[in-house]
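Enquirer: Dropping a structure here in structure tokens format, bear with me for questions.
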Ligand SMILES: *Cc1c(COP(=O)(O)O)cnc(C)c1O
């Protein structure tokens, strides 16, 4: 059998090829490549999907976070609380506006921001909290929002790994002041290039983000503020419009595959993913914890099962974050998990046969060493 990849983008493209090519052709026939009808329509459609008023298409997820922070007036001298257990872009966005990242540890069940850690991270300079809905699982937003409101902080959700996920029935991205999504090609909703989107119920934030993304300009060659170039291009917007109506169905299939994995692997691995009653999980990745992770990973690879590690080095221990002054031991849950986590192949088009192969391979790789030696 062919190796089973962590993610198979060709499978999705093959099943929607014609619609996608038609959409790209429509853009090229019109030859409006930026700030045109596709972006405007995608913004409306994605905002409606999330149940919010405004959508602002941007060039990628990092810029989405960056523009959201800028729209909230966050900059030099300000502090933003987020998790070390995230992709580095969350931290980059904070640094890019000149603010300082203050890390907190994650909840051991959900891998997302632990609301109980907020109080000790709060200072006079704290302006915002940036929870990350990691792996497709929402952060526990109610206590985060309550803390933020009590201390007059804005909440910017990094929903880059959770397009379509829900928290107590509400779409992630619609709960905080601004929700930010990467639409990078590997995400549950992904462009064929770079893309991102911000959603908000605030007309003021939406208008500020629109101004920033297009060189601080509303009228051509008149620049009200120093902005940047962070526009969503029309080809990507058109592709995203084709894909958006399929997102819920794709997420449903991800959940079904995840449930099959969890039934088979509970008790085999040290931990299967959390299933909080309030969480509509969309399984951007399916992450288990195993002892001896690197050995297990190599054995799976030898059996044609390709896995990932999201992420092997927590942000606070990255050289890029050295100036923030953190050290090993600061965030015990994040650090312990970095050595144990393993992402198994998961995408909507995964077949029953592939799922069986993954399960058998994981069972074999996680069996006690005597049992493994007797097998091949
Ligand atoms: C993918 C991702 C981003 C960054 O998105 P880009 O589109 O690659 O800039 C930010 N935060 C998280 C949690 C992500 O997974």
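None of the figures in this text is laboratory data; all of them are computed from the coordinates on show. In this text the structure is predicted, and so the values were computed from the model without any measurement. Glycine also receives a Cβ, built like all others from the backbone with ideal geometry; neighbour counts cover every protein chain displayed.
Residue-by-condition table, conditions (1) surrounded by fewer than 19 Cβ atoms within 10 Å (Cβ to Cβ); (2) more than 20 Å from residue 284 (Cβ to Cβ):
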{"position": "63", "(1), (2)": "no, no"}
{"position": "74", "(1), (2)": "no, yes"}
{"position": "80", "(1), (2)": "no, yes"}
{"position": "86", "(1), (2)": "no, no"}
{"position": "92", "(1), (2)": "yes, no"}
{"position": "99", "(1), (2)": "no, yes"}
{"position": "106", "(1), (2)": "no, no"}
{"position": "110", "(1), (2)": "no, no"}
{"position": "116", "(1), (2)": "yes, yes"}
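Enquirer: Would you pick out the residues in segment 173-215 that are in a helix (DSSP H, G or I) and away from the ligand (no atom under 16 Å from the Cβ)?
Expert: 203, 204, 205, 206, 207, 208, 210, 211
Enquirer: Still on this structure, please answer the following. State which residue is surrounded by the most Cβ atoms within 10 Å (Cβ to Cβ) when the search covers only segment 135-161 and only residues that are over 12 Å from the mean Cα position of the chain (by Cα) and either within 15 Å of the ligand (Cβ to nearest atom) or not in a helix (DSSP H, G or I) (or both).
Expert: Once the filter is applied, the top-ranked residue is 156.
Enquirer: Within segment 276-296, can one find any residue that is surrounded by fewer than 19 Cβ atoms within 10 Å (Cβ to Cβ) and in a helix (DSSP H, G or I)?
Expert: Yes, because at least one residue in segment 276-296 is surrounded by fewer than 19 Cβ atoms within 10 Å (Cβ to Cβ) and in a helix (DSSP H, G or I).
Enquirer: Could you list, in sequence order, all residues of segment 13-59 that are touching a strand residue (DSSP E or B) at 6+ places or on another chain (Cβ under 8 Å) and over 24 Å from residue 166 (Cβ atoms)?
Expert: Across segment 13-59, the qualifying residues are 33, 34, 35, 39, 59.
Enquirer: Also, I was wondering about something else. Hey, any hits in segment 122-134 for a residue that's within 20 Å of residue 206 (Cβ to Cβ) and within 14 Å of the ligand (Cβ to nearest atom)?
Expert: Within segment 122-134, one or more residues are within 20 Å of residue 206 (Cβ to Cβ) and within 14 Å of the ligand (Cβ to nearest atom).
Enquirer: Residues in segment 86-96 that are touching a strand residue (DSSP E or B) at 6+ places or on another chain (Cβ under 7 Å) and within 10 Å of the ligand (Cβ to nearest atom): how many?
Expert: 3
Enquirer: Return the total of residues in segment 246-271 being surrounded by fewer than 20 Cβ atoms within 10 Å (Cβ to Cβ) and either in contact with a strand residue (DSSP E or B) (Cβ under 9 Å, 6 or more places away or on another chain) or in contact (Cβ under 8 Å) with a residue 40 or more places away in the chain (or both).
Expert: 13
Enquirer: Checking residue 40 against (1) touching a helix residue (DSSP H, G or I) at 6+ places or on another chain (Cβ under 9 Å); (2) away from the ligand (no atom under 16 Å from the Cβ); (3) touching a residue at least 24 places away in the same chain (Cβ under 8 Å), which test does it fail?
Expert: (3)
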